[in-house]
Amino acid sequence: MYFEIEPKSRKADFYNYDYEYGQVKKALERKEKIIAVVGIRRVGKTSLLNLVYNEANGLKLWLDGRIVNDPKKEIFGAIYETAKFGKPKIFGKIESLNVSAFGVGFDIKLGSESQSEIERRIMKAGRICVFIDEVQRMKKSDLADVLSYFYDRFPQISFVISGSEIGLVEEILGEEDSDHPLFGREIIKVVMNRLDRNASMDYLKKGFSQVGFKASDEEIAEAQAELDGLIGWLTLYGYEKGIRKNRDALKKTSESAARIAASELVHFLKKTKNRKLYLAILRNAGGISWDELRNMAGKTIGKQLNPNLFNFALEKLVAYSFIEKRNQKYYLSDPLFLKATYLV
C-alpha cells in the first residue's frame with residue numbers, strides 16, 4: 001500500500017522509482033563495491049535501500065548512520081559479527097523495528113582474535129552486502145577510510161550507502177579530491193529526484209484508489225502544489241486523508257511536516273555561529289539569483305552582507321540540502337522549510 005507511512009519493504013508498495021531500483025539491483029549483481037544513493041530528504045531513499053535489503057540473498061548487514069559513533073570500530077565490528085555468525089544483522093532502525101542497538105553508538109566485542117584472524121574470517125565468509133542509511137551523520141573522514149579499506153582488501157563486500165545531505169555525501173565519496181582515500185575508486189551513484197507534477201498526482205490518485213477513498217482532482221492538485229513532489233509528505237497526506245479520514249488532512253500534514261523540518265533545522269543551526277544569516281537566506285530562497293538572494297537576505301537582517309560570508313553560508317545550506325541550485329537560481333529543497341524557519 002502506497003500510504004503506509006513507514007519505509008516500504010515490498011516492490012508493490014514502491015512507486016515510480018523503477019529505474020533507480022534497477023540501477024542498484026544491477027550494480028549489486030555486478031558486485032560493485034560502493035553504490036551511493038543520493039537525493040534530498042523525503043524522496044524515498046530509505047525505502048529503496050529497505051526494499052533492496054529485503055530482496056538481497058545471503059549475508060547482509062543494515063546500519064543506521066545515526067547510531068554509529070565510531071565508524072572505524074563499529075562498521076568493522078558489525079561486518080565481523082555478520083561474518084562470524086553467518087547471519088544477516090541489523091543495527092538501527094528498519095521497518096519500524098529497533099533491533100540489536102539503538103542510541104549513540106553500539107558496543108561490539110571483537111574478542112581475542114588478531115587482526116589477521118579477523119580478516120581471514122571475513123574473507124572466508126564470502127559475499128556480504130552492507131547497507132548504510134544516513135551516512136552523512138557519521139564522521140566523514142572515518143567513513144571514507146573504512147570504505148577505502150574494505151574496497152581494497154575485500155573484493156566480495158559491497159556497500160550500498162544513502163544520504164540526504166548531498167554535499168556531505170560528496171565529501172565522503174571524494175570524487176574530485178586527489179588526496180581523498182576513495183579518489184580513483186569506481187563508485188556507482190544513483191540519484192533520486194522528487195516526483196514531477198503529473199507523477200505526484202498519479203501517486204495520490206492510485207494511493208487513494210488502493211484504500212477505497214475518493215478525492216477530488218482539486219484536492220489532489222492543491223496537495224501537490226503544497227507538498228511539491230516529495231513522496232514522504234505526499235504519503236503522509238494520503239495517510240491522513242485516505243486512511244484516517246481527516247477533513248483537514250493537508251493542513252495537518254503541513255503542520256506536522258513543518259515541525260519535522262524545524263527539528264532538522266534546529267539540529268543544523270546548533271552547528272552554526274550566525275543563526276540570523278542562515279534563517280534570512282532560507283526565508284528568501286524562492287527561485288532567485290545569487291545577487292538577488294544576497295540583497296534580500298541583507299534586507300531581512302537589516303545590513304549589507306559581506307559577499308564571502310554570504311557565499312559561505314549559502315554553500316553550507318546547499319551542502320546540507322536545505323537549498324537547491326537549479327539554473328543559477330536558488331530554491332528551498334522542501335517548501336515546508338519556509339514555515340519551519342518560523343518554528344525554530
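The values are calculated or read from the model by the stated rules, or taken from the named source; none is laboratory data. All values derive from a computational prediction rather than experimental measurement. Note that we place each Cβ from the backbone using ideal geometry, even for glycine, and neighbour counts take in every protein chain shown. Just the protein is used for accessible areas: all its heavy atoms, side chains included, with ligands, DNA and RNA removed. Shrake-Rupley method; radii C 1.70, N 1.55, O 1.52, S 1.80 Å.
Key figures
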quantity	calculated
Length-normalised contact order for region 161-295 - Cα pairs under 8 Å, 6+ apart - percent	14 percent
Cleavage-rule hits, chymotrypsin sites (Phe, Trp or Tyr not before Pro), region 1-71, DSSP coil, Cβ neighbours within 10 Å at most 13	none
For region 118-219, size of Cβ-based charge dipole, Lys and Arg +1, Asp and Glu -1, in debye	700 debye
Förster radius 35 Å - calculated FRET efficiency between Asp179 and Ser256, Cβ distance, rounded to 0.05	0.20
Close Lys-Lys pairs in region 17-66, where close means Cα under 15 Å and separation is 8 or more or interchain	5
Cα centroid separation - region 268-305 against region 13-73, whole Å	35 Å
Degrees, to the nearest 10: 71-85 long Cα axis against longest axis of the chain	50 degrees
Span from the region 217-239 Cα centroid across to the region 113-176 one, whole angstrom	36 Å
Members of Lys140/Lys316; Lys8/Lys87; Lys206/Lys325 lying beyond 25 Å, as alpha-carbon distances in this model show	Lys206/Lys325
Loop GluC sites (Glu not before Pro), region 165-224 (other Cβ atoms within 10 Å of the site Cβ: 15 or fewer; DSSP)	Glu175, Glu176, Glu186
For region 179-192, Karplus couplings with θ = phi - 60° (6.51, -1.76, 1.60), whole Hz, Gly/Pro x	8, 6, x, 9, 4, x, 7, 6, 10, 8, 10, 10, 9, 9
Relative contact order for the chain, counting Cα pairs under 8 Å that sit 6 or more residues apart, in percent	19 percent
About the Cα centre, charge dipole magnitude for the chain (Lys/Arg +1, Asp/Glu -1 at Cβ), debye	580 debye
Order of exposure, largest accessible area first, which applies to Phe322, Phe85 with probe 1.4 Å	Phe85, Phe322
DSSP beta bridge pairing in the chain, given as percent antiparallel to the nearest 5	30 percent
Heavy-atom accessible surface of region 153-300: percent carbon and sulfur, 1.4 Å	46 percent
Whole-number accessible area per residue in Å² for the chain, which is evaluated in the context of all protein chains at 1.4 Å	48 Å²
Within the accessible area of region 14-68 (1.4 Å probe), percent carbon and sulfur	43 percent
Neighbour cut-off at most 10 other Cβ (10 Å), DSSP loop, chymotrypsin sites (Phe, Trp or Tyr not before Pro), region 105-208	none
